[in-house]
Amino acid sequence: MSEREPIGVIGVGWVGLVTAAGFAELGHQVYARDILQDKVDALSRGEVPIHEPGLPELLEKNRERIHFTTDMGEVIQNAQLLFCCVDTPPTYSGDADLSRVERVVEELGESTDHALVMKSTVPVGTGRWIQRLRSDVGYVSCPEFLKEGAAVADFMKPDRVVVGARPDSAEFGDRVEKLYEPLSAPIVRTDVASAEMIKLASNAFLATKISFINEIANVSEELGADVEEVARGMGLDERIGPHFLRAGIGYGGSCFPKDVSALKQLAGNSGYHFQLLSSVIEVNELQKRRTIGKLQKHLGSLVDREIALLGVAFKPNTDDVREATALVLAHRLIGEGASVRIHDPVALDRASELLGATRLCRTAEEALDGADAAVLVTEWPEYRELDWTGAIKDSMRNPLVVDGRNFLDDEALRAAGYTYEGIGRSTASAVEA
Ligand code: UGA
């Protein structure tokens, strides 16, 4: 086997595209296959269908090494390690839908000297299930831990790489390890089921951390503490750590909501009631809705109120709107009789079909002009740069800001005459200060 063996990537969504670009950057020939002809054509022309910082540059730089195709045969012919990167969306019951993974397994055809390397997030037990379908094909679980918006950097500098190989696929496991060698990351070599669990447990733990700090924020509002200070003090404890302690209006995205629910379902299906995760999910849902209460506290009824939502993407630096809090809020506000105007620097078009009767604004200023309240949903850096204390203040009908990410300068806004509501940033402590 040559020093840099060719690899296959099946499914060029967000994970697949970053994986393809990353391995091409490490010098591998990459055969990237998707079933959507339009997508493959666009990628072959150098067009990138998602907003991910650094990705267009990386794809362009390595264009000659990445071969986009719709033909599975071409991938199988050129590569033995086949990274499965298809999506596994939730079903109505909250389980992961494995139909796309199943189709990939079917499409492996006669090949026997290949291994499926699972990057898609799948339930624990998927490896065992695939072994029953195709014991003649190798299987390695190699979950991905990339964060949207920082995925290229995460690929190049992973905290760890997890490689769970079936005993009869140990050699394929070694080859996957070797692919990651240049990145000098700690490698966790383990069995398939544990690798699958590491992925789900990591996301579930991070979601738990967020719901925990959100509850601390809510209690802090009642008791006069400031959650930002609390998180700073907690985070210095090495056992706790400073990350994922940012209180906000709840987590969203294509991963946490889906994966927490999948792990809870998985546990339930095996006869274990994962009580903690039920609470994590419930806290997150209630957190999104607390914003409505904060608006009502100051505006009373929301009927015919003009509410500006800043940010649709589930977090900054991405145009991903899957499970985005803004969507829930927009629909709840419309349900309350409010008129909703909404802005996002990159995700507006992607979200337009999902936003129903909201007014899509091309600038934040347009969204805020004449508004009774501004709700900061996504912490895009440019929202901090707005002329809050000047032109914006003059243009709003009522100077109320609900800062769902504790992102704006609360003192400056209050001093300028705004009514400011953050998350767990109590007015009591502001007065005391
Ligand atoms: C998450 C994980 O962080 C990745 O490790 C994992 O690979 C990925 O899911 C996945 O399974 O594919 P991602 O969904 O891109 O990555 O985004 P995060 O940065 O983790 O943020 C998720 C949500 O939590 C966002 O809505 C964010 O605003 C929220 N969040 C995050 C908070 O509310 N507070 C925090 O302190 C951190």
Is there a residue being over 25 Å from Thr318 (Cα atoms), of a type in the set (D, E, K, R) and open to solvent by less than 40 Å² (accessible area, probe 1.4 Å) anywhere in region 169-181?
yes
Taking region 23-45 and keeping residues over 23 Å from the mean Cα position of the chain (by Cα), small (Gly, Ala, Ser) and open to solvent by less than 40 Å² (accessible area, probe 1.4 Å) leaves Ala24, Gly27, Ala42
Sort through Arg134, Arg100, Arg128 and tell me the only one that's of a type in the set (Lys, Arg) and under 24 Å from the mean Cα position of the chain (by Cα).
Arg100
Among the residues of region 391-411, how many are out of contact with any helix residue (DSSP H, G or I) (no Cβ under 7 Å at 6 or more places or on another chain) and in contact (Cβ under 8 Å) with a residue 60 or more places away in the chain?
3
Looking only at region 118-151, which residues are outside any loop (DSSP other than H, G, I, E, B) and within 16 Å of the ligand (Cβ to nearest atom)?
Met118, Thr126, Ser141, Ala151
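Would you list the helices (runs of 4 or more DSSP H) that sit entirely within region 311-378 and hold 1 or more residues that are modelled with pLDDT of 95 or more?
325-335, 364-368
Residue check: is Val86 open to solvent by 20 Å² or more (accessible area, probe 1.4 Å) and aliphatic (A, V, I, L, M)? Talk me through it step by step, then tell me what you get.
On the way: open to solvent by 20 Å² or more (accessible area, probe 1.4 Å): yes; aliphatic (A, V, I, L, M): yes.
For Val86, the condition - open to solvent by 20 Å² or more (accessible area, probe 1.4 Å) and aliphatic (A, V, I, L, M) - is met.
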Residues of region 189-213 that turn out to be aliphatic (A, V, I, L, M), within 10 Å of the ligand (Cβ to nearest atom) and more than 15 Å from the chain's Cα centre (by Cα), as a count:
1
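Quick test for you: out of Phe205, Phe212, pick the one residue that is of a type in the set (Phe, Trp, Tyr) and more than 29 Å from Ser169 (Cβ to Cβ). Please lay out each step first, then the result.
Values: Phe205 fails: more than 29 Å from Ser169 (Cβ to Cβ).
Only one candidate passes the filter, namely Phe212.
Suppose we filter Arg305, Arg322 for residues that are touching a Gly at 6+ places or on another chain (Cβ under 9 Å), open to solvent by 30 Å² or more (accessible area, probe 1.4 Å), within 16 Å of the ligand (Cβ to nearest atom) and of a type in the set (D, E, K, R); which single one remains?
Numbers: Arg305 fails: within 16 Å of the ligand (Cβ to nearest atom).
On inspection, the qualifying residue turns out to be Arg322.
Matching residues to (1) under 15 Å from the mean Cα position of the chain (by Cα); (2) open to solvent by less than 50 Å² (accessible area, probe 1.4 Å); (3) more than 23 Å from Glu148 (Cα to Cα):
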position: Arg239; (1), (2), (3): no, no, yes
position: Phe244; (1), (2), (3): yes, no, no
position: Pro257; (1), (2), (3): yes, yes, no
position: Gly271; (1), (2), (3): no, no, yes
Would you confirm whether or not region 379-386 contains a residue that is surrounded by fewer than 22 Cβ atoms within 10 Å (Cβ to Cβ), touching a helix residue (DSSP H, G or I) at 6+ places or on another chain (Cβ under 8 Å) and part of a helix (DSSP H, G or I)?
yes
Looking at region 55-84, which of its residues are over 26 Å from the mean Cα position of the chain (by Cα) and polar (S, T, N, Q)?
Thr69, Thr70, Gln77, Asn78, Gln80
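Results for (1) among the small types (Gly, Ala, Ser); (2) closer than 16 Å to Cys255 by Cβ, shown as yes or no for each residue.
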site: Thr88; (1), (2): no, yes
site: Ser99; (1), (2): yes, no
site: His114; (1), (2): no, no
site: Cys142; (1), (2): no, no
site: Lys147; (1), (2): no, yes
site: Met156; (1), (2): no, no
site: Arg160; (1), (2): no, no
site: Asp168; (1), (2): no, no
If you check every pair at least six apart or on different chains, which have Cβ atoms under 9 Å apart with a residue in region 245-260 that is of a type in the set (S, T, N, Q) first and a residue that is within 6 Å of the ligand (Cβ to nearest atom) second?
Ser254/Glu148; Ser254/Phe314
Examine region 414-430 for a residue that is assigned to a loop (DSSP other than H, G, I, E, B), buried (at least 18 other Cβ atoms within 10 Å of the Cβ), free of Cβ contacts under 8 Å to residues at least 24 places away in the same chain and in contact with a helix residue (DSSP H, G or I) (Cβ under 7 Å, 6 or more places away or on another chain), and state whether such a residue exists.
yes
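Given the criteria among the hydrophobic types (A, V, I, L, M, F, W, C) and either touching a strand residue (DSSP E or B) at 6+ places or on another chain (Cβ under 7 Å) or away from the ligand (no atom under 14 Å from the Cβ) (or both), does Leu329 qualify? Outline the logic, then answer.
Details: among the hydrophobic types (A, V, I, L, M, F, W, C): yes; either touching a strand residue (DSSP E or B) at 6+ places or on another chain (Cβ under 7 Å) or away from the ligand (no atom under 14 Å from the Cβ) (or both): yes.
For Leu329, the condition - among the hydrophobic types (A, V, I, L, M, F, W, C) and either touching a strand residue (DSSP E or B) at 6+ places or on another chain (Cβ under 7 Å) or away from the ligand (no atom under 14 Å from the Cβ) (or both) - is met.
Give region 273-285 a look and list any residue that's within 15 Å of the ligand (Cβ to nearest atom) and surrounded by fewer than 15 Cβ atoms within 10 Å (Cβ to Cβ), or say none. It would help to see each step written out before you state the result.
Here is the first cut: in region 273-285, the residues within 15 Å of the ligand (Cβ to nearest atom) are 280-281, 283-285.
Scanning region 273-285 gives a single hit, Glu285.
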Meets criteria (away from the ligand (no atom under 16 Å from the Cβ) and crowded, with 17+ Cβ neighbours inside 10 Å) for Gly109:
no
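One line per residue, one yes/no per condition, for (1) touching a strand residue (DSSP E or B) at 6+ places or on another chain (Cβ under 9 Å); (2) open to solvent by less than 50 Å² (accessible area, probe 1.4 Å); (3) within 21 Å of Ala201 (Cβ to Cβ):
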residue: Val122; (1), (2), (3): yes, yes, yes
residue: Leu133; (1), (2), (3): no, no, no
residue: Val152; (1), (2), (3): no, yes, no
residue: Lys157; (1), (2), (3): no, no, no
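With the structure loaded, tell me whether Glu64 is at pLDDT 95 or above, assigned to a helix (DSSP H, G or I) and surrounded by fewer than 21 Cβ atoms within 10 Å (Cβ to Cβ) or whether it fails that test. First the steps, then the outcome.
On the way: at pLDDT 95 or above: yes; assigned to a helix (DSSP H, G or I): yes; surrounded by fewer than 21 Cβ atoms within 10 Å (Cβ to Cβ): yes.
Yes.
The values are calculated or read from the model by the stated rules, or taken from the named source; none is laboratory data. Nothing here was measured: the structure is a model prediction, and the numbers come from that model. Using ideal geometry, Cβ is built from the backbone for each residue, glycine included, and neighbour counts are taken over all protein chains shown. Accessible surface is based on the protein model in full, side chains and every heavy atom, while ligands, DNA and RNA are left aside. Shrake-Rupley method; radii C 1.70, N 1.55, O 1.52, S 1.80 Å.
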